[in-house]
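Worksheet for the structure shown next.
The values are calculated or read from the model by the stated rules, or taken from the named source; none is laboratory data. Worth saying up front: this structure is predicted, and the values here are computed from it rather than measured. Backbone-built Cβ (ideal geometry, glycine too); neighbour counts: all protein chains shown.
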Amino acid sequence: MLCLFLALFLLAYPLYVIRPFRYQGTRELAFALSLLRFRLIPHILLAVLAGALFVWSWRTQARWLSRISALLCTSLVICCAILSRVNVYEFMFHPLTRISFSPASKAKLDGDEEVIAVQAGSAARAYPIRSMSYHHIVNDVLAGEPIVATY
C-alpha cells in the first residue's frame with residue numbers, strides 16, 4: 001500500500017500544482033517540476049519493489065483476498081509508472097486557431113492588461129495574456145505570413 005501511495009503521489013502532485021488557472025507558489029512549482037523531471041527512477045524502483053512484495057505476498061499468504069489485493073496494488077503501481085510517462089499538458093493546451101480581432105479603439109481591455117504585441121510591416125496584433133492563459137499559443141497570419149505567438 002505504501003508503494004501505491006508513493007506512486008500515486010508522484011503521479012498526481014505535479015498535475016495538481018501545474019494546472020491551468022491556479023496560482024503556483026515558487027517552492028511548490030519548483031518541487032512539482034523536479035518531480036516531473038526525476039520521477040521515472042522512483043517509479044521504476046517502486047514498481048520493482050511492489051513486484052517483489054507481490055511475489056513475497058503470494059508465497060506467504062494463503063488467503064486469496066490478500067493475494068488479489070497484492071496483485072491489484074502492484075498493477076496500480078505499474079499503471080502509475082506508465083501514466084507518468086504521458087505528457088498530459090499536450091492534451092490540455094491546444095493552440096487557438098479560430099481567433100477574432102477588433103480595432104484597438106473597440107478593444108475591451110483593462111488599462112493594465114498585459115498583451116503580446118506583434119508587428120509585421122504596417123500590420124500589428126495584440127494578443128491578451130488573459131485570453132491566452134489556457135492555450136499558451138496562437139496560430140495566426142499577419143501581413144500574409146504565418147506566425148505563432150506564445151509565452
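Checking L45, L6 one by one, the residue that is in the same structural domain as R85 (by TED's automatic domain parsing), part of a helix (DSSP H, G or I) and in contact (Cβ under 8 Å) with a residue 12 or more places away in the chain is L6 and no other. Would you please name the residue that is modelled with the highest pLDDT, looking only at residues in the stretch 54-89 that are outside any helix (DSSP H, G or I) and farther than 30 Å from R37 by Cβ? So, considering only residues that are outside any helix (DSSP H, G or I) and farther than 30 Å from R37 by Cβ, the one modelled with the highest pLDDT is R63. Just checking, does the stretch 27-45 include any residue being over 22 Å from R85 (Cβ atoms), exposed (fewer than 12 other Cβ atoms within 10 Å of the Cβ) and at pLDDT below 85? Looking through the stretch 27-45, none of the residues is over 22 Å from R85 (Cβ atoms), exposed (fewer than 12 other Cβ atoms within 10 Å of the Cβ) and at pLDDT below 85. All of (1) touching a residue at least 60 places away in the same chain (Cβ under 8 Å); (2) in contact with a Gly (Cβ under 9 Å, 6 or more places away or on another chain) hold for I78 with one exception: (1).
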